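K.L.:
Quick one: structure below, then a few questions.
The values are calculated or read from the model by the stated rules, or taken from the named source; none is laboratory data. Please read all numbers here as calculations on a predicted model, not as lab measurements. When we count neighbours, we look across all protein chains shown, and the Cβ atoms used for this are built from the backbone with ideal geometry, even at glycine. Surface accessibility is based on the protein's heavy atoms, side chains included, excluding ligands, DNA and RNA. Shrake-Rupley method; radii C 1.70, N 1.55, O 1.52, S 1.80 Å.
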Amino acid sequence: MPLFRPLAGLQHAAVRRVLLKQIYFTGNEAAFLILLIGFALGGIVVAMLHGQYGQSQESSLRLLASLGFREISPLLAAIILVARSSSAVASELATMQVHGEIRSLYRMGIPLGAYLIVPRVLGMTIACIGLSFYLAVAAQLGGAVLGAGADVTYQVIEFDRMLSLEQVLTCLAKAALFGAAASLLACYVGLRVGPYVTDIPKASSRSVVRGLSAVFVLDFMWSLWIS
């Protein structure tokens with residue numbers, strides 16, 4: 001089918017190599033930052049709920065699980081992805097466009113969608129899913145450590161009681177949506193630059209602004225649809 005024709009490029013080693021590099025740059029290199037932010041965020045949320053609003057530790061952790069997996073983690077992971085990777089992808093493609101590499105690939109008969117767009121979109125989408133899940137789990141762990149103290153082992157074991165399959169699937173689905181939107185916009189902006197070198201930094205900043213706008217608009221539309 002024409003819709004899946006660009007995905008056929010994944011059978012080539014060069015395309016798979018680009019995909020793996022994109023996943024590594026977007027996901028693996030940001031994993032430690034994501035885990036650190038998630039752990040701190042979980043502790044902050046539980047401290048506020050328990051200390052300032054009088055919520056019990058278990059109620060605080062349950063509310064953190066609901067907010068973390070459904071709202072906070074996908075949104076925050078997408079923001080970090082846009083800030084780190086959207087600008088990099090747009091700059092890379094814009095540089096290739098300015099230097100004539102895109103035109104050379106086209107003349108050689110290499111499908112641009114399969115070689116340039118698909119691995120970057122898939123890579124950023126997969127990475128966003130993983131980062132969102134890591135952030136949510138790290139936030140839950142940070143909240144458990146702050147709220148339970150020495151009883152943190154028991155709270156970790158009880159994670160499955162505080163989570164539902166619907167919460168986890170919502171987290172993964174929103175992360176996939178945000179990652180796909182941000183990556184598509186980054187590729188579009190990078191490939192639409194003019195012939196001047198000064199257009200490269202413009203593409204980088206434009207991809208970040210449009211990516212963040214798209215993420216917040218999609219999150220708002222998701223909330224309207226759910227409600």
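K.L.:
Counting only C-alpha contacts under 8 Å and six or more residues apart, can you give the relative contact order of the chain as a whole percent? It would help to have the intermediate numbers written out before the result.
P.N.:
Working: 325 pairs, mean separation 78.0, N = 227.
Contact order relative to length: 34 percent.
K.L.:
Can you work out the Karplus-derived ³J(HN,Hα) for every residue in segment 187-195? Use 6.51 cos²θ - 1.76 cosθ + 1.60 with θ = phi - 60°, whole Hz, and x for glycine or proline.
P.N.:
5, 4, 5, x, 7, 9, 6, x, x
K.L.:
Counting Lys +1, Arg +1, Asp -1, Glu -1, what net charge surrounds PRO119 among other residues with beta carbon under 13 Å of its beta carbon?
P.N.:
With Lys, Arg at +1 and Asp, Glu at -1, the net is +3.
K.L.:
Okay, next question. Report, to the nearest whole %, how much of the accessible area of the chain belongs to carbon and sulfur atoms, 1.4 Å probe, protein only.
P.N.:
In the chain, the share of accessible area belonging to carbon and sulfur is 68 percent.
K.L.:
To the nearest 10 square angstrom, how much accessible area does PHE220 have with a 1.4 angstrom probe?
P.N.:
Here the accessible area works out near 130 Å².
K.L.:
Right, something else. Compare the Cα positions of LEU112, GLY190, ALA90 along the charge dipole of the chain (+1 at Cβ of Lys, Arg; -1 at Cβ of Asp, Glu; about the Cα centre) and return the one farthest towards the positive end.
P.N.:
Result: LEU112.
K.L.:
Oh, and also: Per-residue ellipticity at 222 nm for the chain, helices alone: DSSP H runs ≥ 4 residues times -39500 (n - 2.57), over residue total, nearest 500 deg cm²/dmol?
P.N.:
Numbers: 11 runs with 165 residues, N = 227.
Estimated from H runs of four or more residues: -24000 deg cm²/dmol.
K.L.:
Going from most exposed to least, what order do VAL137, VAL217, VAL189 have by accessible area with a 1.4 Å probe?
P.N.:
On the way: VAL137 60, VAL217 80, VAL189 5 Å².
Solvent-accessible surface, decreasing: VAL217, VAL137, VAL189.
K.L.:
At 1.4 Å probe size, what's the solvent-accessible area of SER59? Round to the nearest 10 Å².
P.N.:
Looks like 50 Å² after rounding.
K.L.:
Tell me, what ³J(HN,Hα) does each residue in segment 34-49 have, in order and in whole Hz, if you take phi through Karplus 6.51 cos²θ - 1.76 cosθ + 1.60 with θ = phi - 60° and put x for Gly and Pro?
P.N.:
Working through the residues one at a time gives 4, 5, 5, 5, x, 4, 5, 4, x, x, 5, 5, 5, 4, 5, 5 Hz.
K.L.:
Related question: Run the paramagnetic zone check for PHE216: 7 angstrom along Cα to Cβ, then residues of segment 76-99 with backbone nitrogen under 19 Å.
P.N.:
76-87
K.L.:
Accessible area of LYS202, 1.4 Å probe, to the nearest 10 Å²?
P.N.:
The accessible area comes out at roughly 100 Å².
K.L.:
Calculate, in nm to one decimal, what THR198 and ILE226 gain on full extension: separation in residues at 0.36 nm each, minus their alpha carbon distance.
P.N.:
Here the segment from THR198 to ILE226 would lengthen by 5.8 nm.
K.L.:
Can you sort LEU49, LEU112, LEU93, LEU165 by solvent-accessible area, 1.4 Å probe, largest first?
P.N.:
Values: LEU49 25, LEU112 50, LEU93 0, LEU165 130 Å².
Order by accessible area, largest first: LEU165, LEU112, LEU49, LEU93.
K.L.:
While we're looking at this one, here's another question. Tabulate in residue order the Karplus-calculated ³J(HN,Hα) for segment 24-31, using 6.51 cos²θ - 1.76 cosθ + 1.60 with θ = phi - 60°, rounded to whole Hz; enter x for Gly and Pro.
P.N.:
5, 5, 7, x, 5, 5, 9, 4
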